[in-house]
1. Which members of the range 48-66 meet the condition of being touching a residue at least 40 places away in the same chain (Cβ under 8 Å) and aromatic (Phe, Trp, Tyr)?
2. Regarding ALA71, is this residue among the small types (Gly, Ala, Ser) and out of contact with any helix residue (DSSP H, G or I) (no Cβ under 6 Å at 6 or more places or on another chain)?
3. Identify all residues within the range 21-37 that are in contact with a Leu (Cβ under 9 Å, 6 or more places away or on another chain) and either more than 19 Å from LEU10 (Cα to Cα) or without any contact (Cβ under 8 Å) to a residue 24 or more places away in the chain (or both); write none if there are none.
Amino acid sequence: MIINAIILILIGSSAFFFGVGTLGLIRMPDTYTRMHASTKCDTLGAGLALLALAVYSGFSIISVKSIIVIAFIWITNPTAAHIIAKAKYHSEKKEELQK
């Protein structure tokens, strides 16, 4: 019973953060703020959903794999956003120099 409540809270929180990230992606004015909103919320949303899967499956290989995927997402998602932001910055800088 308590496990089901924990899973429900984790999935609900995950859906909330995915929704907020999507709303931020739609409403923010430029590339940098859109990326900030979506990266933060999607990283947390995916982590919470995978944590709910780990709690649901108990102590098994599925929970170990989901925790490994959480760690992978925590590393790659901000790194990818940083690389995209850096590329956007350099492309804007190059356009300014050409003017």
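Computed from the coordinates by the stated procedures, all read-outs in this text should not be read as laboratory data. In this text the structure is predicted, and so the values were computed from the model without any measurement. Glycine gets a Cβ as well: all are built from the backbone with ideal geometry, and neighbour counts include every protein chain shown.
1. So in the range 48-66, the residues touching a residue at least 40 places away in the same chain (Cβ under 8 Å) come out as 51-52, 55-56.
Result: TYR56, single match.
2. Numbers: among the small types (Gly, Ala, Ser): yes; out of contact with any helix residue (DSSP H, G or I) (no Cβ under 6 Å at 6 or more places or on another chain): yes.
Spelling it out, ALA71 is indeed among the small types (Gly, Ala, Ser) and out of contact with any helix residue (DSSP H, G or I) (no Cβ under 6 Å at 6 or more places or on another chain).
3. First, the residues of the range 21-37 that are in contact with a Leu (Cβ under 9 Å, 6 or more places away or on another chain): 21, 34-35, 37.
Within the range 21-37, ARG34, MET35, ALA37 qualify.
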